[in-house]
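In what follows, a structure is listed as structure tokens, so that the remarks can point back to it.
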Amino acid sequence: MADKKEYKVIGTRPIRHDGVDKVTGRALYGADFQIVGLLHGRMLRSPHAHARIKSIDTSRAEAYPGVKAVVTAKDFPGAGDAIVDLGEGAVSLKHLQDNVLASNKALYKGHQVAAVAAIDPHTAEEALELIDVDYEVLPPVINVRNAMKEDAPLLHEDLRTDEMGEKSEKPSNIASHFQHKKGDLDKGFAEADVVIEHEFTTATVHQGYIEPHNATALYNPDGQLTIWCSTQGAFTVRAQVSEILQMPVSKVKVVPMEIGGGFGGKIQVYIKPVAAMLSMKTGKPVKVLMSRADVFEGTGPTPGSYVRVKIGATKEGRITAAEGYLAYEAGAYPGSPVGAGAMCIWSCYNIENALVDGYDVVVNKPKTSAYRAPGATNAAFAVETVIDEICEKIGMDPLEFRILNSAKEGDTRVDGPVFPRIGFAETVEAAKEHPHYSTSLDGKYRGRGVASGFWPNFGMKSSVAINVTSDGTINLVEGSTDIGGTRASIAMQAAEVLGISAESVTPIVADTNSVGYTDVTGGSRTTFATGYAAYEAAQDVKRQMIERAAKLWEVDESEVEFADGVFRCTNGKEEEIDFKGLAGQLDETGGPVVGRGTADPTGAGPSIGTHVVDVEVDPETGKVQILRYTATQDAGKAIHPSYVEGQIQGGAVQGIGWALNEEYIYNEKGEMTNASFLDYRIPTCLDLPMIDAVIVEVPNPGHPYGVRGVGETPIVAPPAAIANAIYRAIGVRMRELPMSPGRILKATGKI
Amino acid sequence: MPSKVHVQTTINGEEVEFLCEPRQSLLEVLRDVLYLTGSKEGCNNGNCGACSVILDGRLVNSCLVLGAEIEGKSVETVEGLAEPDKLHPIQDAFLENAALQCGICTPGFIVAAKALLDKNPNPTEHEIRYWLAGNLCRCTGYDKIVRAVQDAAQIMSSEVSA
């Protein structure tokens, strides 16, 4: 099953190109950016979860010594009812602006309502206290099922439900309801020997990147705006800022600094347009930084959700029917990842009769953002635990069950697409064959669980330019910000084409004026799609270098071949030259060589993984300890195996945090009460064992080297795998996330 | 506006003097006064360890120390670890083990690991995990970080005995 192709660079583990800068502290992240004359901006945030803003008086703040400007929603250019397409679906411009600076209503505690620019950050913070906002406090609704009730407080008086394409008459918190259906559900359930149905809830959780959001903006009198910031996509920042501020994209330049984690949460803009507005008012560069509490309270978490799942199977272990109901919290404005959740819910399996209903529901929480396989984990927690229960009922090994039902090439997903070659069954086989699965687990309160996770992966647009240097190296200019080693994984694909070493490539992440359009680092697309563009750019270089060799040898281009890094003459002349040698002769053969490549590939190819976990539950405290963890995943072809393992390990651990500890805890006023890393507890290294990452390689036919994106899939399986392990340990089925000590004790009747 | 305090101190072996406001943290001074931006702000309340520095031989979160407090003391930051032509073995081990992804927590982890290995040159896996529990990483799942520190300990011990 493994890819047998021989590669020179791909599959090796070179030191990443930005490594030295990052271990010496020299790499410049957004907050590290300095410029002469810098002012500092800070945001005033709503203390209320739901309130009408009757008036904002900024006069006292404006008069405070050291304050240079104050902005509110009044400073936006008029929005009207425009609908804008930012490449990830249409959004309302009014909602986009309102989330950046609230106009008539604050919809969550932490919602930005005003901003100050001052000579230093402390002065700006002091001035925030002098902004007088008159709020009419309204009752909040923070839970998806409450928000769906007829008598729930309404967030948006004008929001009508999109009910399978038809707009409802009455306003509602339900922004949309859609359905995917396949086969005949009644027939399927009638054929089942076992039918199991349960309800599940999951808490709101945050991406939890360690670097808070940041932005420095400089507006020049010629109308040119420059923004230096940490972002997953400089071009999406450009698009959002230009829409929000109604400026042409050509007037906005975004310079991506290094980024300290994103996981989907650094796509949507919050403070970037505000820094720009403050710079417009002051004529000076303005840096705005968020605090950790700002990040928790004001930036996109991933939804809390209510999920109901019903699965029928025969006693031989064949799934006959499956029905899912997903209600996801969108946060303050429509746009939860319930659509992606519905793509993923049944996609590990080949099910003849299946249905999924999706509801996108607004609540008084921050507008949700993408978070690593957005929407998939919530659904998988339900599906993969119900499957475990079915396996128990029919007495079948849960991995055998997954192999029997695994989706394969040619099978149709419930949401429509037909699978290309995928490697799900192979990941289950790898888990089954791993020593972990056959090692006996002894001891009281210990249990082993398994679960699988699916993510479709995305392609989208990327651009790469390659400049050949006279010493035989290349500079590779790309638009994808590097969050986890993609400079290396992209450079290695170009190096493979040109027969040079990974170290002979200098990757450069460029600003929006210096590289072709490139979509976000997200959707597990970067090594796949920007790698594809790098492959194309390197092919372009190769073609031009063949021309140069032909010129040098005074032969026809068709008489030059390139293999293993060497150009050879094929017409009998004894001529050969390697890439470096030829690069040294560009001046004599026509001047510089610049290669270009763009990609908008459609064959992203899903990545699926299967996890095995051993836990021990402390019956007195309810604490769950992870004893051993193994994660298998289909990477198609691992370009840089260390960073593929890193994605699998990191994703698994985020999933462990989601499973066991992480949640937004709200009081009755709708206020998050744990907006710090002390109280919102992400896993530390003391909580964990080593994470054994097993790379399975079933090449993706949609990529020249077989790459599948790997970043998102590994977060999907952990909560279900751990729930299944907890059941084996203490005999209790957990159906609520997180499975924190308190919830375990409640479930076991201890409290 | 408060007047500034004059501070004389040693940072990465060099004598340094600066002015800071009494309310400014050591992290703010390092980043905004001295432009040593290798120490990162992840939380500003001592929970994440991204701002870890060594103060008179002791590992601290620089966001929880005032700039004025370092008068007459000695501070080691991530910028002081490498030699002009050679990385510190811990830095090398982080690169060799691919123990970083986004890299924002990396300076803090490297400084914390140095403080550990200064005290305990041969830590067990558990001792490494216990010591580094004050440093949060959201990308790696810690596996490769722990391995990097294990490797660095081994390399540094063999250098000492050689």
Being within 7 Å of chain A (Cβ to nearest Cβ), closer than 25 Å to B:Asp56 by Cα and of a type outside the set (A, V, I, L, M, F, W, C): is that true of B:Thr140 here?
no
Just need a number here: residues in segment A:167-186 that are charged (D, E, K, R) and closer than 25 Å to A:Asn364 by Cα.
3
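Could you look through segment A:543-586, keep only residues that are part of a helix (DSSP H, G or I) and among the small types (Gly, Ala, Ser), and pick out the one that is surrounded by the most Cβ atoms within 10 Å (Cβ to Cβ)?
Among residues in segment A:543-586 that are part of a helix (DSSP H, G or I) and among the small types (Gly, Ala, Ser), the one surrounded by the most Cβ atoms within 10 Å (Cβ to Cβ) is A:Ala549.
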All but one of (1) part of a loop (DSSP other than H, G, I, E, B); (2) touching a residue at least 12 places away in the same chain (Cβ under 8 Å) hold for A:Leu678; which doesn't?
(2)
Of all strands (runs of 3 or more DSSP E) fully inside segment B:44-150, the set with 1 or more residues that are open to solvent by less than 10 Å² (accessible area, probe 1.4 Å) and on the phi > 0 side of the Ramachandran plot is none
Name every residue in segment A:154-168 that is open to solvent by less than 40 Å² (accessible area, probe 1.4 Å) and either of a type in the set (Asp, Glu) or part of a loop (DSSP other than H, G, I, E, B) (or both), in order of residue number.
A:Leu155, A:His156, A:Leu159
Which of the residues belonging to segment A:682-716 are of a type in the set (A, V, I, L, M, F, W, C) and within 14 Å of chain B (Cβ to nearest Cβ)?
A:Ile682, A:Cys685, A:Leu686, A:Leu688, A:Met690, A:Ile691, A:Ala693, A:Val694, A:Ile695, A:Val710, A:Ile715
The one condition in (1) out of contact with any Ser or Thr (no Cβ under 7 Å at 6 or more places or on another chain); (2) in contact (Cβ under 8 Å) with a residue 60 or more places away in the chain; (3) farther than 20 Å from A:Arg26 by Cα; (4) outside any helix (DSSP H, G or I) that A:Asp222 fails to fulfil:
(2)
Just one of A:Gly262, A:Gly283 is open to solvent by less than 30 Å² (accessible area, probe 1.4 Å), more than 21 Å from A:His95 (Cα to Cα) and either of a type in the set (S, T, N, Q) or modelled with pLDDT of 95 or more (or both); which is it?
A:Gly262
Out of segment A:485-500, which residues are open to solvent by 20 Å² or more (accessible area, probe 1.4 Å), away from every other protein chain (no Cβ under 14 Å) and closer than 29 Å to B:Gly141 by Cβ?
A:Glu496
Out of (1) assigned by TED's automatic domain parsing to the domain that holds B:Gly13; (2) touching a helix residue (DSSP H, G or I) at 6+ places or on another chain (Cβ under 8 Å), the one B:Asp56 does not meet is (2)
Can you find even one residue in segment A:68-75 that is polar (S, T, N, Q), assigned to a loop (DSSP other than H, G, I, E, B) and at pLDDT 95 or above?
no
Answer with yes or no whether A:Gly11 is part of a loop (DSSP other than H, G, I, E, B), in contact (Cβ under 8 Å) with a residue 12 or more places away in the chain and either closer than 30 Å to B:Cys105 by Cα or within 14 Å of another protein chain (Cβ to nearest Cβ) (or both).
yes
Residues that are open to solvent by 10 Å² or more (accessible area, probe 1.4 Å), among the polar types (S, T, N, Q), modelled with pLDDT of 95 or more and part of a loop (DSSP other than H, G, I, E, B): does segment A:197-216 have at least one?
no
Mind listing whichever residues of segment A:1-50 are open to solvent by 60 Å² or more (accessible area, probe 1.4 Å) and among the acidic types (Asp, Glu)?
A:Glu6, A:Asp21
Conditions first: (1) open to solvent by 30 Å² or more (accessible area, probe 1.4 Å); (2) assigned to a helix (DSSP H, G or I); (3) closer than 26 Å to A:Val653 by Cβ. A:Lys393 passes all but one, so which condition is the exception?
(3)
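Go through segment A:157-184 and give me each residue that's under 28 Å from the mean Cα position of the chain (by Cα) and among the charged types (D, E, K, R). Working first, answer last.
If we filter segment A:157-184 for residues that are under 28 Å from the mean Cα position of the chain (by Cα), which is where we start, we get A:159, A:161-165, A:173-181.
Selection gives A:Asp162, A:Glu163, A:Lys181.
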Scan (1) over 22 Å from the mean Cα position of the chain (by Cα); (2) farther than 20 Å from B:Arg147 by Cβ; (3) aliphatic (A, V, I, L, M) for the single condition A:Ile682 breaks and write down its number.
(1)
Would you pick out the residues in segment B:112-130 that are out of contact with any Phe, Trp or Tyr (no Cβ under 8 Å at 6 or more places or on another chain) and within 9 Å of chain A (Cβ to nearest Cβ)?
B:Glu125, B:His126, B:Ile128, B:Tyr130
Have a look at A:Asp482, A:Asp511, A:Asp540, A:Asp471 and point out the one that is open to solvent by 20 Å² or more (accessible area, probe 1.4 Å) and more than 30 Å from A:Cys569 (Cβ to Cβ).
A:Asp511
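Can you tell me which residue among A:Asn405, A:Asn457 is open to solvent by less than 30 Å² (accessible area, probe 1.4 Å) and closer than 30 Å to A:Thr598 by Cβ?
Criteria check complete, one pass: A:Asn457.
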Filter segment A:690-707 for residues that are open to solvent by less than 20 Å² (accessible area, probe 1.4 Å) and in contact with a Phe, Trp or Tyr (Cβ under 7 Å, 6 or more places away or on another chain); the one that is farthest from A:Ser642 (Cα to Cα) is A:His703
Picking from A:Met43, A:Met1, which residue would you name as being more than 14 Å from chain B (Cβ to nearest Cβ) and modelled with pLDDT under 95?
A:Met1
Close pairs from segment A:739-751: first free of Cβ contacts under 8 Å to residues at least 24 places away in the same chain and crowded, with 18+ Cβ neighbours inside 10 Å, partner of a type outside the set (Lys, Arg) and not in a helix (DSSP H, G or I), Cβ under 8 Å, at least 6 apart:
A:Ala747/A:Val732; A:Ala747/A:Met734
Residue selected from segment A:173-208 under the condition within 27 Å of A:His50 (Cβ to Cβ) and out of contact with any Asp or Glu (no Cβ under 8 Å at 6 or more places or on another chain), by the criterion nearest to the other protein chains (Cβ to nearest Cβ)
A:Gln207
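The values are calculated or read from the model by the stated rules, or taken from the named source; none is laboratory data. Since we're looking at a predicted model, the values are computed, not measured. Note that we place each Cβ from the backbone using ideal geometry, even for glycine, and neighbour counts take in every protein chain shown. Side chains are part of the model used for accessible areas, which takes the heavy atoms of the whole protein and leaves out ligands, DNA and RNA. Shrake-Rupley method; radii C 1.70, N 1.55, O 1.52, S 1.80 Å.
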